[in-house]
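Everything below concerns the one structure shown next.
Where a number appears in this text, it was derived from the coordinates with a stated rule and is not lab data. Predicted model, so just to flag it, every value in this text is computed and none were measured. Here Cβ is always computed from backbone atoms with ideal geometry, including for glycine, and neighbour counts include all displayed protein chains.
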Amino acid sequence: MTGLGAGGALRLPRARVLPRSAPPSSYTAAVERYLTGAGIAKCSVRIYRISLTT
């Protein structure tokens, strides 16, 4: 959520800092990790998976 701070300056939310994890073992594993955390609908995940793995 944004708002006005002191002096009328626009305040933006802080970015989330995610812990680093081990790199994926393969491209397919990287695609699955991305799709798991992307927060998109299951029907979209299916299409993205097809696009990213072909």
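Conditions tested, residue by residue: (1) in contact (Cβ under 8 Å) with a residue 24 or more places away in the chain; (2) not small (Gly, Ala, Ser).
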residue	(1), (2)
Ala22	no, no
Ser25	no, no
Thr28	yes, yes
Glu32	no, yes
Ile40	no, yes
Leu52	no, yes
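Just one of the listed residues (Leu52, Leu35) is surrounded by 10 or more Cβ atoms within 10 Å (Cβ to Cβ) and in contact with a Phe, Trp or Tyr (Cβ under 7 Å, 6 or more places away or on another chain), and it is Leu35.
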